[in-house]
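Trainee: Have a look at this one.
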Amino acid sequence: MRNIIMTTVKMLAALSFPLLTLLTGVCPQTARKIYVRTGELVALQCPHYRGYKHNDNKLIWTSYTTQEMNLTAEKRPMGILVHGSSLVILSVSVFHQGNYSCSLGNASRKFWFTLTVYKTQTKEYEERTTSTRTCYTQESCALYCPSVNISAANTLNITSKGIIWHKEGESVPTVYFPSLEEKDRGAYTCTRYYQYNGQRYNRTFTVKLDVQPNDSERVAVITSPLKSEVITVDLGSTVVIDCKAVVYSDFADVFWLNGKSFVDSNNNSRVFYNSSREYYNEETKMTASLVFKKVLEEDLLKNYTCKLETDSQRPSFVTVTLAQKASASSISLALSIVIIVVVICVIVVVYIKLKMDIALFLRDTIGCHRSTSDGKTYDAFLMCYKSDAEAGLNEDDRKWLESVLEERFGYSLCLYDRVVLPGNAEAEAVLESIEQSRTVVLVPTSSDPGPGFGLLKDIHAALVEWQTHLVFIKTETTEESRPVFLPEALQLLSEAGNCVTWKGISSIPPSSSFWKQLRYHLPAPQHAQN
């Protein structure tokens, strides 16, 4: 009697396909196909209305098994729960086999499901529900329990009680493999457990672990419209390029093209492709693997295209171009050049920033300065002139300048008031002082203790002729007013030598930047400091 009932149910389910077409105008062949064993929990999720508000039109679930039935009504078969976009069958039986639909209110558009129930673990059921996970030896690999057509968390007070894994009937403590081995290959089953009203329910999936040798270079390419990839390879190596696509139709195919020609599917060829399918209830994952047994230079000049053709959308494709990897020696050479350039740049930057400190350190600490006499009597001739600007050095600042150079840093100075005696020819005395000094330092003052502007042109000519080094001291005011207020002779002198700026009180300490710059431009003292 039970066999007669089962046969009748299957006949009614089969007859429901043409009946649904006549009643609704929708072909159930477009329904999402779900495969499940008796006694397990299954959940249908209406995809178009997952975000609808409960105060809008009510979502209607309809069953077309033995007869058309509104499952959203208060009176529904035992073991079927409906909440929003979810329809949950706690323990599936053959009486639940058939077609289901969900729609919003009286909307003519419906989304269809076809539920096929298996009594035993048949080969057909395994082919339709087993997912495949491909990993490679000596690499880490983890298995994940599929989450399709299962109850969402806390839906209708259905609580998850965890997942248990088995392999060949034995419990597996972990499905994470830090370093995969060939012995890990096989079929793993995961069982998801749920609890509702004190009763325990479950759903079981099978995951097939395919272990491949890690002896080839694999590159995954996900198909997408108008996309191209450049893949670097080693000449002579084995390369496998996996082109993957997820489809929802049985009339779909993924294949490889070389230009406009099909790549050979014969695995005896040097370059060929093979394809595989993995079924996950409502979707199919397809992989087309382009294999180069040995990459040759001629392969670098060709474009390979992975193309996805299906009856439900426009073709998609991705174009792959092979490029040769840079050799280790080339990489090392390039890296060495980069390091050398970086080191040189760092040295240059450090030198520019610290060249004064370095020069003064070598001069003062190590004693790197001239040891032979150049015939000059003085290290520097301090020549003061009357500045028209308001901020020339006052008498105290001028004396401080002379004192620090002589007493602190040990310079032998030629001073105007020492060499030019009253009644002597001023011009001759100044020129003679310049000739006897290794450097001339021009100092602007607010008073006039030195020669006037009349001698400046003669001084400039003498400096050019004798090639005497010149240091021009400026103040912040003269620096701002130049070149408008400085006489032409001073402009020529300031351009001929090095300029150092006196900044008032901040320049007085011997450790200030003014003294560092001034000493840097002055030659080392001929005599050692005290």
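Trainee: Does region 65-220 come out rounded, prolate or oblate, given a ≥ b ≥ c as the square roots of the eigenvalues of its C-alpha gyration tensor, rounded meaning a/c under 1.5 and, failing that, prolate meaning a/b above b/c?
Mentor: Values: a/c = 2.43, a/b = 2.04, b/c = 1.19.
Prolate, because a/c is 1.5 or more and a/b exceeds b/c.
Trainee: Determine, from the Cβ-Cβ distance of M356 and Q467 and an R0 of 22 Å, the FRET efficiency 1/(1 + (r/R0)^6), rounded to the nearest 0.05. Could you put the intermediate results ahead of the total?
Mentor: Values: r = 23 Å, r/R0 = 1.06.
After rounding, the FRET efficiency stands at 0.40.
Trainee: Quote to one decimal, in nm, the extra length available between E124 and E68 on full extension: 0.36 nm per residue of separation minus the C-alpha distance between them.
Mentor: Values: separation 56, 0.36 × 56 = 20.16 nm, distance 2.81 nm.
Gain on stretching E124 to E68: 17.3 nm.
Trainee: Further question on the same structure: Of the listed peptides 335-344, 353-362, what is their order by residue-averaged count of other C-beta atoms within 10 Å, with the highest listed first? Don't jump to the answer; show the numbers that get you there.
Mentor: Working: 335-344: 10.0, 353-362: 12.4.
So the order, starting with the most tightly packed, is 353-362, 335-344.
Trainee: Taking the Cβ of each residue in T284, T122 as the centre, tally the other Cβ atoms inside 10 Å and list the residues starting with the fewest. Intermediate results must be reported in sequence, preceding the final value.
Mentor: Values: T284 16, T122 11.
With the sparsest Cβ surroundings first, the list reads T122, T284.
Trainee: Over 31 Å between Cα atoms, which of K161/K208; K123/K260; K33/K167; K353/K474 qualify?
Mentor: Values: K161/K208 24 Å; K123/K260 39 Å; K33/K167 27 Å; K353/K474 22 Å.
The pairs that break the limit, which is 31 Å between Cα atoms, are K123/K260.
Trainee: Let me ask you something else. Compute the distance in nm between two label points, each set 7 Å from the Cα along the Cα-to-Cβ direction, one at R133 and one at V148.
Mentor: Result for the modelled spin labels: 1.6 nm.
Trainee: Taking θ = phi - 60°, what integer Hz values does the Karplus form 6.51 cos²θ - 1.76 cosθ + 1.60 yield along region 197-213, in sequence order, with x for Gly and Pro?
Mentor: Once θ is set to phi - 60°, the couplings for region 197-213 become 6, x, 9, 9, 10, 8, 9, 10, 10, 10, 10, 8, 8, 9, 9, 10, x Hz.
Trainee: While we're here: For the pair I80 and S332, how long in nm is the line joining their label points, each one 7 Å along Cα→Cβ?
Mentor: With each label point 7 Å from Cα toward Cβ, the separation is 7.3 nm.
Trainee: Related question: Using amide H atoms built 1.01 Å from N in the peptide plane, name the residues 5+ places from K325, or on other chains, whose amide H lies under 5 Å from its own.
Mentor: HN-HN under 5 Å from K325: V233, D234, L235.
Trainee: Lysines within cross-link reach of K58: Cα-Cα under 24 Å, excluding same-chain residues under 8 positions apart?
Mentor: Correct list for K58: K75, K110.
Trainee: Would you pull out the residues with amide H under 5 Å of L470's amide H, same chain only if 5 or more places away, H placed 1.01 Å from N?
Mentor: Answer set, sorted by chain and number: V440, N498.
Trainee: Still on this structure, please answer the following. Tabulate in residue order the Karplus-calculated ³J(HN,Hα) for region 257-265, using 6.51 cos²θ - 1.76 cosθ + 1.60 with θ = phi - 60°, rounded to whole Hz; enter x for Gly and Pro.
Mentor: Once rounded to whole Hz, the list reads 10, 10, x, 9, 9, 6, 6, 4, 9.
Trainee: Right, another one. Please compute the length gained on full extension between V246 and K293, using 0.36 nm multiplied by the number of residues separating them and subtracting their Cα-Cα distance.
Mentor: On the way: separation 47, 0.36 × 47 = 16.92 nm, distance 2.68 nm.
Taking 0.36 nm per residue and subtracting the Cα distance, the gain is 14.2 nm.
Trainee: For region 175-186, what does the Karplus curve 6.51 cos²θ - 1.76 cosθ + 1.60, with θ = phi - 60°, yield as ³J(HN,Hα) per residue in whole Hz, taken in order and with x for Gly and Pro?
Mentor: 10, 10, 10, x, 9, 5, 10, 4, 5, 7, 4, x
Trainee: Starting from 0.36 nm per residue, how many nanometres of slack lie between A425 and E182 once their C-alpha separation is accounted for? Walk me through the intermediate numbers first.
Mentor: On the way: separation 243, 0.36 × 243 = 87.48 nm, distance 10.70 nm.
Gain in length upon complete extension: 76.8 nm.
Trainee: I've got another one for you. At 7 Å along Cα-to-Cβ for each site, give me the label-to-label distance between S237 and D210 in nm.
Mentor: The two pseudo-label positions are separated by 2.3 nm.
Trainee: Which order do W256, W515, W466 fall in if you start with the one that has the fewest other Cβ atoms within 10 Å? Let's see the in-between values first.
Mentor: Working: W256 24, W515 20, W466 13.
Listed from fewest to most nearby Cβ atoms, that is W466, W515, W256.
Just so you know, all these numbers are worked out from the coordinates, no wet-lab data involved. Only a predicted model underlies this, so the values are computations on that prediction, with no experimental measurement involved. Every residue, glycine among them, receives a Cβ derived from its backbone with ideal geometry; neighbour counts consider all protein chains shown.
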